[in-house]
Amino acid sequence: MSIKFHLPDFAVRYHFNRIFLSMLEHCPQYFYDGVEIASVYGCFPQSLWNGGRTMPGVCDKSFVKKVVREFNKLGIPLRFTFTNPMITEEHLNDDFCNFVLRTAENGKNGVIVVSPILEQYIRDKYPGYKITSSTCKRITDINNLNSELDKNYDIVVLDYDFNNKFDMLEKVQNKEKCEILVNACCIPGCKNRVEHYREIGLSQIAYCDHLKKYPNKPFNPKDYNLKVSNLSCPSMDYDAVDVRSLSTHISPEDILNKYVPMGFNQFKIEGRTATMFNLVEFYLYYMIKPEYKDKARLALLNNLVNNNLINTSF
């Protein structure tokens, strides 16, 4: 069975992921058997519909077209993290997000959703997209999960609190539609997670509105009366080693020996806002055979240096 990984991020980490995909093409012996890159997920900066992580910055339309073209040319779908739970009718006409969807509507790409309003809008206006149900919905009841899997979604991303609870996972229907987050940094059973996503959503909306009104002025959340209590959650600073201590952590051995034999074969690596070195460790940990990890690390780092993604000047 193939082992499908969904990677972060096609915009901020565009060059990083292109280099990693090149290693998969040219050094397939480094990788676990069956490893495939099923998609690269994320958003372009200034996407008001974005959720899950606040993504600041700006990009021009030519970059959007380039990213869509180059990843799709490699046979890699993009999935847009349009998971902002605070979307209202007034946000549906956002110029930039609609431009992105018009640009990438070619039958290859997908959208990850939370908001019913936005989901229906996309289904009606952009029927060429595959729709993914986001883990941000925080579905933790097995019956509700199976109901979600019965709906017209291409993929359903499981809540990380299902991780390693094999008695519950055995009851999951349509396992082939499930995507499992393997390296969640959030504290297991976090009671603030839904509220955190709401705060992030409001912050993203405020940031995008600020860009339109004051493009040359730095964004300050306090200017918009945004609540920031949960935005400083300490788990957001966990690194590639720290997350391994969490009960929800899934190791590569677990994937190979437990999850794949059960019928799960889609796995999400978190890290849209992770540092490049953390991404290196996450990618090597999950996709590279142990005997090739050191060789692959050197090859990847050398290529990052050669492409000026790591500055080695003193």
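Here the condition is being closer than 18 Å to residue 266 by Cα, surrounded by fewer than 24 Cβ atoms within 10 Å (Cβ to Cβ) and either without any contact (Cβ under 8 Å) to a residue 40 or more places away in the chain or not hydroxyl-bearing (Ser, Thr, Tyr) (or both); of 76, 112, it holds for 76 alone.
Each row is one residue, and each column tells you yes or no for (1) among the polar types (S, T, N, Q); (2) part of a helix (DSSP H, G or I); (3) under 25 Å from residue 286 (Cβ atoms); (4) at pLDDT 90 or above.
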{"position": "202", "(1), (2), (3), (4)": "no, yes, no, yes"}
{"position": "210", "(1), (2), (3), (4)": "no, yes, no, yes"}
{"position": "223", "(1), (2), (3), (4)": "no, yes, no, no"}
{"position": "236", "(1), (2), (3), (4)": "no, yes, yes, no"}
{"position": "244", "(1), (2), (3), (4)": "no, yes, yes, yes"}
{"position": "248", "(1), (2), (3), (4)": "yes, no, yes, yes"}
{"position": "255", "(1), (2), (3), (4)": "no, yes, yes, yes"}
{"position": "259", "(1), (2), (3), (4)": "no, yes, yes, yes"}
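Note on region 119-138: residues that are buried (at least 20 other Cβ atoms within 10 Å of the Cβ) and over 18 Å from the mean Cα position of the chain (by Cα) amount to 2.
Scan region 139-158 for residues that are in contact (Cβ under 8 Å) with a residue 12 or more places away in the chain and surrounded by fewer than 22 Cβ atoms within 10 Å (Cβ to Cβ) and the total you get is 10. Scanning region 53-96 for residues that are touching a strand residue (DSSP E or B) at 6+ places or on another chain (Cβ under 7 Å), under 30 Å from residue 220 (Cα atoms) and of a type outside the set (Lys, Arg) gives 80, 81, 82, 83. Residues in region 185-200 that are of a type outside the set (Asp, Glu), assigned to a helix (DSSP H, G or I) and free of Cβ contacts under 8 Å to residues at least 40 places away in the same chain: 1 in all. Here the condition is being at pLDDT below 95 and either under 18 Å from residue 208 (Cβ atoms) or out of contact with any strand residue (DSSP E or B) (no Cβ under 9 Å at 6 or more places or on another chain) (or both); of 128, 189, it holds for 189 alone.
Just one of the listed residues (38, 11) is in contact with a Phe, Trp or Tyr (Cβ under 7 Å, 6 or more places away or on another chain), part of a strand (DSSP E or B) and of a type in the set (Gly, Ala, Ser), namely 38.
Exactly one residue out of 15, 6, 26 is closer than 19 Å to residue 263 by Cα and of a type outside the set (Ser, Thr, Tyr): that is 6. Against the criterion of being surrounded by 18 or more Cβ atoms within 10 Å (Cβ to Cβ) and closer than 27 Å to residue 214 by Cα, residue 91 qualifies. Checking each residue in region 278-314 for being in contact (Cβ under 8 Å) with a residue 24 or more places away in the chain, exposed (fewer than 15 other Cβ atoms within 10 Å of the Cβ) and not in a loop (DSSP other than H, G, I, E, B) picks out only 295. Residue under question is residue 302, and the condition is that it be at pLDDT 95 or above, polar (S, T, N, Q) and farther than 27 Å from residue 194 by Cα; does it hold? Answer is yes for this residue.
The values are calculated or read from the model by the stated rules, or taken from the named source; none is laboratory data. Keep in mind that this is a model prediction, so the values were computed, not measured. Positions of Cβ are generated from backbone atoms using ideal geometry, with glycine treated the same way; all protein chains shown enter the neighbour counts.
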